[in-house]
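Here is the structure we will look at.
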Amino acid sequence: MESLIRSVGAQQAVASVRAHGRAVALAAAITLAACSALEKDPTSKWDAEKLYKEGHTELQAGNWSHARELLEKLASRYPFGRYAQQAQIEIAYSYYKEEETADALDAVDRFLKENPTHPNADYVWYLKGLINFTEPPALIGRLIGYKVSERDPKAMRDAFDAFKELLAKFPNSHYAKDAAVRLRYLQDALGGHEVRVADYYFRRGAYVAAIERAQGALTEFPGSAAQREALSIMARSYDALGLTQLHADVERVLRLNYPEAVAAKAGAKNSQAAD
């Protein structure tokens, strides 16, 4: 029995030694692989400045993916300091240029949350507006033949809010002038969108809903090109509901602000009556 026990003990000892040996070999293999990976990465010994300069050069050359790879290494290895912050901005820009909208927005939102007073925060707000901004031809195509069943233009609203925030926080920013031009365009486009929805409801006899959307066009996007039509829909909706005082109030606002249009409308009615 003792010999059997000694035999079993010896076997266990051998197995333990073998297991330990395998563990050591595995650890050594992992270490060697890691060292090999570092040796293959030419940037492994670059400092923050070197990574930023190389990444920025790639960005200027339009090599968006490679630029982002270098800038992400910078942000990962040296997460603190001015180079890391600027790298985050340029990472967002690279996503924007590759039309990776979701990743670009995640990057700018994260930056603004972590660095609200950064010297380049105005640019990041501007970039957020650009990411959401759809060029005029696409916007016009989206608004012509509009159907209420289509998706609400959230991206346009987000762009509007970003440019508006930029102008409110940084009125003297280098980007303020262009942001104001884009904001005006979006104001007209979004005001027109609200009026189209209001008209949809009016034509289907949903007068209360029509009034609410027309009011939205006036309050959310004041001064838009759709303002007169919004007032007109409100006046006609109040008239259809038999709310004579409210109808008269809106008609008075129309006469004060758009006398020529009201006169033309009255002339057309008189002409029809004469016929």
Remind me, relative contact order of segment 47-135 in percent, using alpha carbon pairs under 8 angstrom and six or more residues apart?
22
Of the peptides 155-168, 201-214, how do they stack up when ordered by the mean number of other Cβ atoms within 10 Å, highest first?
155-168, 201-214
Cut-off 14 Å (backbone N to label point 7 Å along Cα→Cβ of E260), residues of segment 217-244
none
Determine the alpha carbon to alpha carbon distance for each of K97/K177; K154/K177; K73/K169; K53/K113; K73/K164 and list only those over 29 Å.
K73/K169; K73/K164
Cα centroids of segment 51-92 and segment 95-113: how far apart, whole angstrom?
14
Spacing of the two label points (7 Å from each Cα toward its C-beta) at K177 and R82, in nm:
2.7
Using r as the Cβ-Cβ distance of A209 and L243, and R0 as 22 Å, what FRET efficiency do you calculate, to the nearest 0.05?
0.90
Please list 3J(HN,Hα) in residue order for segment 68-75, calculated via the Karplus relation 6.51 cos²θ - 1.76 cosθ + 1.60 where θ = phi - 60°; whole Hz, with x for glycine and proline.
5, 4, 5, 5, 5, 5, 4, 5
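Throughout, read-outs are computed from the coordinates displayed, never taken from laboratory work. What you see is a predicted model, and the numbers here were worked out from it, not measured in a lab. Methodologically, a virtual Cβ is constructed for each residue, glycine included, from the backbone with ideal geometry; neighbour enumeration extends over all protein chains shown.
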